[in-house]
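Visitor: Before anything else, here's the structure in question.
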Amino acid sequence: MKLEYLKRMDQIARKAGTREPDDILDYMGCVFIDPGVSIDGFVTRRKGIILYGVNQNITGKKCDFAVMHEGFHIVCGHLRLPGFLKGAAPTHIDAFGSFADYKWVASTERDADIGAADFICDTQDVLDMMGYDSADVAAFRKSLASFEQHERDYRQHLGIVMNNGSSEKRILRMKAYQNELGRLYEELQEQANDIMNSGICLSKADIARELGVPEYIVDYKMEALALRKYDVETVELPTFDKVFSRWN
């Protein structure tokens, strides 16, 4: 997926004066045809007219996603690619006869999915739910990185102790590691509580629930945000791993 395609669809929506998927495709000159229930959706060209359809059993945000998926096939120029209009995208290699063809079609489907997710999931809403501009989240990321580095160091030294025996001095050093890890974890817990109390939704599952979409659409939206040059790594508030379990 290229950033220019996401921007092109944004421009189309501005000119159309709407972000309703079917209205967008109507503005693009597409004609809707009911595909029935045998397929989820399609897009094709007949006598210079672009036709598209989405299974009418698909509703809500999933329907919006499906419509925009077909719209991005158009915006990305997939209809001009040799072989694309031979039929519906194959679900197995035998449809085109080669793995290379299968990978090619898979890439066009992926691009359409990323574009559709980007369009139906408002960028600012997602960034707000992630705490993108939150000082609390930035501090948590920094503390988490420090904790994980100390945990890696601890586990490395623990392996040496368990395999080679341990002097009293080394045992005291390991206990110092434990104390520091405990302090860092308490700091993480305090920061996590602050984040939770602020109402920021950080997990992918939470974001999906807020948007009313399946989690896979959030995954595609994250890819689109990365294309838009946002540093979009999500923060999952962790359950503490008992790194001291081997010390009684």
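The values are calculated or read from the model by the stated rules, or taken from the named source; none is laboratory data. Keep in mind that this is a model prediction, so the values were computed, not measured. Note that we place each Cβ from the backbone using ideal geometry, even for glycine, and neighbour counts take in every protein chain shown.
Visitor: Determine the pairs where a residue that is free of Cβ contacts under 8 Å to residues at least 40 places away in the same chain, located within the range 67-80, has a partner that is aromatic (Phe, Trp, Tyr) with Cβ atoms under 6 Å apart, the partner being 6 or more residues away or on another chain.
Guide: So the pair list comes out as 78/84.
Visitor: Here is a follow-up. Mind checking which residues of the range 46-59 are farther than 17 Å from residue 109 by Cα, among the aliphatic types (A, V, I, L, M) and assigned to a strand (DSSP E or B)?
Guide: 49, 50, 51 - these are the residues of the range 46-59 that are farther than 17 Å from residue 109 by Cα, among the aliphatic types (A, V, I, L, M) and assigned to a strand (DSSP E or B).
Visitor: Scan the range 239-247 and tell me whether some residue there is at pLDDT below 75, under 16 Å from residue 133 (Cα atoms) and not hydrophobic (A, V, I, L, M, F, W, C).
Guide: No, the range 239-247 contains no residue that is at pLDDT below 75, under 16 Å from residue 133 (Cα atoms) and not hydrophobic (A, V, I, L, M, F, W, C).
Visitor: Separate question: If you go through the range 3-27, how many residues are without any contact (Cβ under 8 Å) to a residue 60 or more places away in the chain and assigned to a loop (DSSP other than H, G, I, E, B)?
Guide: 3
Visitor: Taking residue 15 and the conditions (1) at pLDDT 95 or above; (2) more than 24 Å from residue 122 (Cβ to Cβ); (3) exposed (fewer than 12 other Cβ atoms within 10 Å of the Cβ), which numbered condition does it fall short on, given that it satisfies the others?
Guide: (2)
Visitor: Give me the pairs, please: first residue somewhere in the range 92-119 and closer than 16 Å to residue 82 by Cβ, second residue anywhere and at pLDDT 90 or above and not charged (D, E, K, R), beta-carbon distance under 8 Å, and either six or more positions apart or on two chains.
Guide: 108/73; 108/76; 108/78
Visitor: Select from the range 166-207 the residues that are among the small types (Gly, Ala, Ser) and at pLDDT below 85 and write down the one among them that is nearest to residue 120 (Cα to Cα).
Guide: Initial filter on the range 166-207 (among the small types (Gly, Ala, Ser)): 166-167, 176, 182, 192, 198-199, 203, 205.
If we keep only those that are at pLDDT below 85 too, we end up with 166-167, 176, 182, 192, 198-199, 203.
Details: 166: 58, 167: 61, 176: 50, 182: 43, 192: 30, 198: 26, 199: 23, 203: 19 Å.
Step by step, filter the range 166-207, then rank; the result is 203.
Visitor: Moving on. If you go through the range 28-45 one residue at a time, how many are of a type in the set (S, T, N, Q) and assigned to a loop (DSSP other than H, G, I, E, B)?
Guide: Looking only at that region, the number is 1.
Visitor: Being among the small types (Gly, Ala, Ser) and either farther than 30 Å from residue 61 by Cβ or at pLDDT 80 or above (or both) is the filter here; which residues of the range 102-130 pass it?
Guide: Initially, the range 102-130 is screened for residues among the small types (Gly, Ala, Ser), giving 106-107, 112, 115-117.
Those that are among the small types (Gly, Ala, Ser) and either farther than 30 Å from residue 61 by Cβ or at pLDDT 80 or above (or both): 107, 112, 115, 116, 117.
Visitor: Can you tell me how many residues within the range 27-70 are surrounded by fewer than 16 Cβ atoms within 10 Å (Cβ to Cβ), over 28 Å from the mean Cα position of the chain (by Cα) and over 24 Å from residue 1 (Cβ atoms)?
Guide: 11
Visitor: Right, here's the next one. Can you tell me which of (1) surrounded by fewer than 18 Cβ atoms within 10 Å (Cβ to Cβ); (2) modelled with pLDDT under 85; (3) within 26 Å of the chain's Cα centre (by Cα) is the one residue 210 doesn't meet?
Guide: In the conditions (1) surrounded by fewer than 18 Cβ atoms within 10 Å (Cβ to Cβ); (2) modelled with pLDDT under 85; (3) within 26 Å of the chain's Cα centre (by Cα), residue 210 misses (2) alone.
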